[in-house]
């Protein structure tokens with residue numbers, strides 16, 4: 001620990017030094033994934049790991065999205081429940097196996113702070129010797145262990161509260177007097193409301209690290225009015241910690257153990273800073289070496305650095321889901337098809353497919369932002385590509401550059417479902 005404010009010196013290092021280190025590790029991690037994880041041996045079969053030494057080179061590799069990971073696991077389930085993505089086998093190197101909806105199975109390796117959540121807990125104010133009341137689920141899913149392992153690495157004691165049983169949770173908190181709470185923000189609100197209803201004072205519990213769902217500013221303020229500082233973190237069962245909030249409350253700072261990209265939904269193409277897109281993460285976990293893993297979540301990179309002195313990049317936080325697949329006149333249309341159409345026309349800068357009308361009377365309009373000089377007949381040629389790619393007819397509307405909303409949507413379902 002470097003000081004009372006930062007977890008370690010990594011958080012305040014020179015951004016260029018961090019980038020050099022990440023790219024050096026990237027080459028080694030890709031080579032490791034190719035060698036130790038059979039699935040990536042196939043996915044990255046033609047890749048020279050030594051050449052993937054820049055973000056531009058990384059952007060040429062395929063994105064493996066969560067839905068694809070599930071499908072690949074299911075195909076290989078008879079011989080390997082992890083679909084060839086795990087680099088370790090059962091035994092002392094694999095402490096636990098968890099299931100997410102699907103079911104998607106994830107391994108937990110034996111490394112201390114396996115999901116790297118100690119950093120987020122530290123930023124939320126937790127310190128060694130404190131008791132953490134952990135209300136993430138311990139049943140089948142890894143959420144409880146994700147937070148518990150980080151608390152242990154930080155030197156904290158954990159009460160495994162799990163979910164539900166609100167009255168018993170209030171009783172345990174009153175008796176044990178934890179320094180803070182870990183869990184979903186909605187359950188924290190329920191606990192505090194139940195304590196108030198029963199006239200049980202919980203004023204000693206002054207901090208919380210919340211995740212698993214959105215914690216809007218209004219709810220954070222509700223906690224603050226009750227002398228509770230609740231900060232957020234963004235973590236998944238596949239990747240561990242991705243980013244975490246600080247007391248500055250200006251976006252989420254990226255974890256030091258991931259390389260993050262924001263790409264246009266349906267593609268692997270990085271978008272400019274500030275533009276909303278899908279969160280794609282490469283992790284340096286040697287046991288589960290995911291390369292360009294598409295989370296399906298939307299976010300955007302923020303400019304500048306955190307006022308707390310942490311120099312890593314920041315993201316806005318969770319901004320919705322990237323999988324905008326929708327059914328139009330009985331046919332599924334997905335963001336990858338929109339991307340396929342756009343790639344045929346270099347003059348197109350951005351695109352948004354808007355589906356309007358009522359069910360059984362759908363109308364598709366592909367709105368395009370184009371370069372200043374738009375070739376004659378572009379709309380007609382794009383309309384033909386729409387029919388060819390989606391097997392559906394759609395209108396084309398060319399709009400002014402910068403006029404499409406910056407919300408990460410490639411497909412907007414604006415139909416009436418009355």
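The values are calculated or read from the model by the stated rules, or taken from the named source; none is laboratory data. In this text, all values refer to a predicted model and were calculated from it rather than measured experimentally. Backbone-built Cβ (ideal geometry, glycine too); neighbour counts: all protein chains shown.
Quick notes
- Members of segment 245-256 found to be in contact with a helix residue (DSSP H, G or I) (Cβ under 8 Å, 6 or more places away or on another chain) and either farther than 14 Å from residue 5 by Cβ or at pLDDT below 95 (or both), listed by number: 245, 249, 255, 256
- When we screen 46, 113, 53 for residues that are on the phi > 0 side of the Ramachandran plot and assigned by TED's automatic domain parsing to the domain that holds residue 247, the only hit is 113.
- Any chance residue 118 is modelled with pLDDT of 95 or more and over 30 Å from residue 205 (Cα atoms): no
- Residue match in segment 218-232 (condition: surrounded by fewer than 22 Cβ atoms within 10 Å (Cβ to Cβ), under 30 Å from residue 110 (Cβ atoms) and within 23 Å of the chain's Cα centre (by Cα)): no
- Within this structure, residue 21 passes the test of being at pLDDT 95 or above and surrounded by fewer than 18 Cβ atoms within 10 Å (Cβ to Cβ).
- Residue within segment 147-160 that is in contact with a strand residue (DSSP E or B) (Cβ under 6 Å, 6 or more places away or on another chain), in contact (Cβ under 8 Å) with a residue 40 or more places away in the chain and either crowded, with 16+ Cβ neighbours inside 10 Å or outside the structural domain of residue 202 (by TED's automatic domain parsing) (or both) present: yes
- Residue check for residue 344: closer than 30 Å to residue 261 by Cα, in contact with a strand residue (DSSP E or B) (Cβ under 8 Å, 6 or more places away or on another chain) and surrounded by 11 or more Cβ atoms within 10 Å (Cβ to Cβ): no
- Counting the residues of segment 283-295 that are touching a helix residue (DSSP H, G or I) at 6+ places or on another chain (Cβ under 8 Å) and farther than 13 Å from residue 236 by Cα gives 5.
- Residue check for residue 405: in contact (Cβ under 8 Å) with a residue 40 or more places away in the chain, under 28 Å from residue 318 (Cβ atoms), touching a strand residue (DSSP E or B) at 6+ places or on another chain (Cβ under 9 Å) and surrounded by fewer than 14 Cβ atoms within 10 Å (Cβ to Cβ): yes
- Within segment 1-94, helices (runs of 4 or more DSSP H) holding 2 or more residues that are over 20 Å from residue 261 (Cα atoms) and free of Cβ contacts under 8 Å to residues at least 12 places away in the same chain: 66-76
- Being under 18 Å from residue 37 (Cβ atoms), surrounded by fewer than 14 Cβ atoms within 10 Å (Cβ to Cβ) and touching a residue at least 60 places away in the same chain (Cβ under 8 Å) is a property that residue 107 lacks.
- Contacts under 9 angstrom Cβ, first residue in segment 205-222 being modelled with pLDDT under 95, partner loosely packed, with under 15 Cβ neighbours inside 10 Å and assigned to a helix (DSSP H, G or I), 6 or more apart: 212/186; 213/186; 215/186; 219/186
- Members of segment 383-414 found to be in a helix (DSSP H, G or I) and over 23 Å from residue 277 (Cα atoms), listed by number: 383, 384, 385, 387, 388
- Restricting the first member to segment 363-382 and to residues that are farther than 14 Å from residue 348 by Cβ, and the second to residues that are surrounded by fewer than 16 Cβ atoms within 10 Å (Cβ to Cβ), the beta-carbon pairs closer than 6 Å and six or more apart or on different chains are 363/356; 363/357; 365/395; 365/397.
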